Structure formats: C-alpha cells, structure tokens
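Nothing in this text is a laboratory measurement; each read-out follows from the coordinates by a stated rule. The model shown is predicted, which means the values in this text are computed figures rather than measured ones. Note that each Cβ is placed from the backbone with ideal geometry, even for glycine, and that neighbours are counted across all protein chains shown.
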Amino acid sequence: MTLDASARLEVDPLIDDPDTRIIVCCGAGGVGKTTTAAALGVRAAERGRKVVVLTIDPARRLAQSMGIDSLDNTPRRVKGIDGDGELHAMMLDMKRTFDEIVEAHADADRARAILENPFYQSLSAGFAGTQEYMAMEKLGQLRARDEWDLIVVDTPPSRSALDFLDAPKRLGSFLDGKFIKLLMAPAKMGGRAGMKFLNVGMSMMTGTLGKLLGGQLLRDVQTFVAAMDTMFGGFRTRADATYRLLQAPGTAFVVVAAPERDALREAAYFVERLAAENMPLAGLVLNRVHGSGAGRLSAERALAAAENLDEDGIVDQGPGKTGVRDITDVAPSPESPPAGHATETRSEASASDEQTPQQLTAGLLRLHAERMQVIARERRTRDRFTALHPEVSVAEVPALPGDVHDLSGLRTIGDRLATAEASPTGVA
C-alpha cells in the first residue's frame, strides 16, 4: 500500500510560494526537527528566498551543519549557499531576548533595576515556559523587521510539543495574573494608604509567603513587580499578536515525527490541537524511514531460505578445511594436549573464522528479514496515523546511513523531502 499522490506533502510549492512567510517545525523531541528546519532553510534559500532559520536547540548541531562556529541571538549569514537566495541562522538566547524586551520597554534607570533584580535573573534564566515564550517573542521581532522572505522556526525541545503553543499564554497569565496584581497593589496605591494596605490587607499573606519562600525572595519579587509594572500589559499584548501571526495564512506548520508509535501519537495530538486553534498545517514529515532495495523478498521467505541453508549445511557438511575431523583417527603424541581440548579449540576457531557461503548467505537473509520486519512495523504505524488523519499530507524521508553535519547533508535531506514518494518498503 502506497500513500496516494494527493496525500503527499509537496515541499517545493510550499517554500516557493511568496505568501509563505513563516514555517514552524514542531514535534516530539529527538525526531529531527532541527535537521528538517535547517534543510528547509537551505533548500528555500537555494531556490531564491531570503531565509532566516531560528533554532532553540541547545545541542548546536545547526551551527555545525551550516559551517558556523557558533550561533547567538543575532542572525548570521551562512556561506556556501548556491543560487540567488540568502540563508541566515540564529540560536535563541533566552535571557538575552528577555533583557532586550526590558531595555526596549523601560527607561534606563528602571531597566537597570529590573536587570539587576535577583528574581528577574532567575525568571529570565529558567522559569517554566520562559524559553517557549521568548521563542515567540523572537519570532514576532523577526517578522516585524520584514527583512526576510521566509522565517523557519525550530521549536524548543520541550517535553511536549504542545508547550510551544501553551507557554506564552501561561507566562502571560502569570505576569498579568491576580497574584502579580496583588503584589503590585501597595506600590500602585502609594503613600500611607499603600503602607496601610500592605501592613493590614497583606500581612497574613506576606507572612505566610515569607515563611514558605523566604523573606528576601519575597522582597525581591515585590521589587521586581514594582519595577515591571508598566511592562506587564505588553507581555500579554505581544503574546496575543504572535499567536494571531501563527494563525495567519502566511504561516505553515510542519509536524515532524519518526515512524514510531510514541512520536506519531504526539504528532496526532499536535495535528488535532492545530486544527482546534485554527492554525494552518502544511503536513507531516515522517523522518528516518527505513527501506530496502529487495522489498519483494518478504521476511517470511528470507527466514525460510535461511533455515533451509542451515539444514543443508548440517546434512551435507563434508570433510575438508572447514570440517570437523574425527579425533580418534589421530594418535596422540606424548606432547599432545588431552584429547578434546586443543583439537576442539582449533575446530571452533576454524568454524568461526571460515564461514561457508551457505552460512554467510543465511546470515544475510536473517538481516534482511529483520529489516523487512522493521519496515512492516513502521508501515503499520504510519497507516494508523493516516487512517486517523487522512486530511494530513505526508512526506517520507528515508533514513541516511550517517549523521548530517554539513550543507551537503542538508541538501540531501532537502532533496529527499522534495522528492519523497512513499512506498510499501520506503526504498532508500
């Protein structure tokens, strides 16, 4: 069973369309999102687009594959791109992005107070959801500059791919939430009224929080809240604006998955969530699909042939170099080791070192049978997904023999993405 032509993801029309301005690669961790995003960026640039790839992958594989010593929060031109297009790449610096927001939306004194605040330093470096929120912030900044024809986003390696959509709202809700507003209330009231409110209305709460969090931490939080007062609304506004940008027609989501049950289950959840949020889905990239050039030989037939060869080897084994000599035909000498010791060792070494053609063929047949079983399992997993989501276009990318570590490897992935044709065996 092959995928119908109408169900195949057509990559080149997607990246060639000038109306496509953002491609978001998402999916579970370890399925090849970074490689897919980079390959799409290279292919789009070499087909004439001016592209920037934003990665949030801490492994820095993107920088290595693009020949850049290091990526940072500033887009850098990638050398070695053929054609008239351009490729730029950058890696999200979560804390630096947060600092840039503070510096852009606060005066110098307030910005310095915020940046030096211990609670802010903890929040900007590792608060849950901050990385995903800052990825959305950086995406909004890149799109607002209107400097690139196409932005390709490699989503964060979160526990769940859904975090990329949820985290901005969670962080925005935290910063605009009732708890933060309650902490801001004394500063907003000011003067004696504020002190009275703080001493009377919040004494119980601050006393309890002080015991739980520590008095110094609570004071750091309140100082941070007072300094950030004028900025809270902006977080929610920008998050909402970027969220709408993701729903716009010029955006395309590409879900990346491996042909494994857990990865495709997460991909299915993401497909359903995108549909619920009215976000445009281009299709699914099924990465690292195994194939065989001898797909007509089934696993069952290969195993049966291997067993026949083994049986023939046992029955027809004759004397010669690889045969086992009868030790009773050789009279032991005084210097000879005990019967059945050295002779058996030599025989075992001979048997292991010099396999017969039948044994080699049987071993290859068993390896082929294992490969065909893997292919069949991947095909069943894929078919379950396509049965549940027949509306989702799919591109199958055959597994490569090694890792992608340069532009040539990314071009190969791009070629396979663009020319992927699903088959029962996923022939590589």
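Observations on the structure shown:
- Gain upon complete extension [ASN308, ALA276; 0.36 nm per residue less C-alpha separation]: 6.0 nm
- Proximity of backbone amide H atoms, modeled 1.01 Å from N, is registered between VAL53 and HIS88, ALA89, MET90, VAL152 at under 5 Å, excluding neighbours fewer than 5 places apart on the same chain.
- Vicinal HN-Hα couplings computed from phi for the range 260-268 (Karplus, 6.51 cos²θ - 1.76 cosθ + 1.60; Hz; Gly/Pro x): 10, 4, 5, 5, 6, 5, 5, 4, 5
- Ranked packing of 20-28, 70-78, 393-401, most packed first, by mean Cβ within 10 Å: 20-28, 393-401, 70-78
- Every pair of different Cα atoms in the range 1-114 enters the Kirkwood calculation, which places the hydrodynamic radius at 16.2 Å.
- For GLU147 and ASP69, a Förster radius of 25 Å and the Cβ-Cβ distance give a FRET efficiency of 0.65, rounded to the nearest 0.05.
- Cα convex hull of the range 242-307, projected area averaged across orientations, nm²: 6.6
- Long-range amide H partners of VAL394 with built H, under 5 Å: ARG8, LEU9, LEU284
- Rounded to whole Hz, the Karplus (6.51, -1.76, 1.60) HN-Hα couplings of the range 30-44, x for glycine and proline: x, 9, x, 4, 4, 5, 5, 4, 5, 5, 5, x, 4, 5, 5
- Among the listed pairs LYS33/LYS138; LYS33/LYS95; LYS79/LYS138, those beyond 21 Å (Cα-Cα): LYS33/LYS95; LYS79/LYS138
- Projecting label points 7 angstrom from Cα along Cα→Cβ for ARG77 and GLN359 puts them 6.2 nm apart.
- For ASP72, the residues whose amide H sits under 5 Å from its own are MET91, ignoring neighbours fewer than 5 places away on the same chain, with H placed 1.01 Å from N.
- Vicinal HN-Hα couplings computed from phi for the range 21-29 (Karplus, 6.51 cos²θ - 1.76 cosθ + 1.60; Hz; Gly/Pro x): 10, 9, 10, 10, 8, 9, x, 5, x
- Highest average first, the peptides 46-55, 245-254 ordered by how many other beta carbon atoms sit within 10 Å of their residues are 46-55, 245-254.
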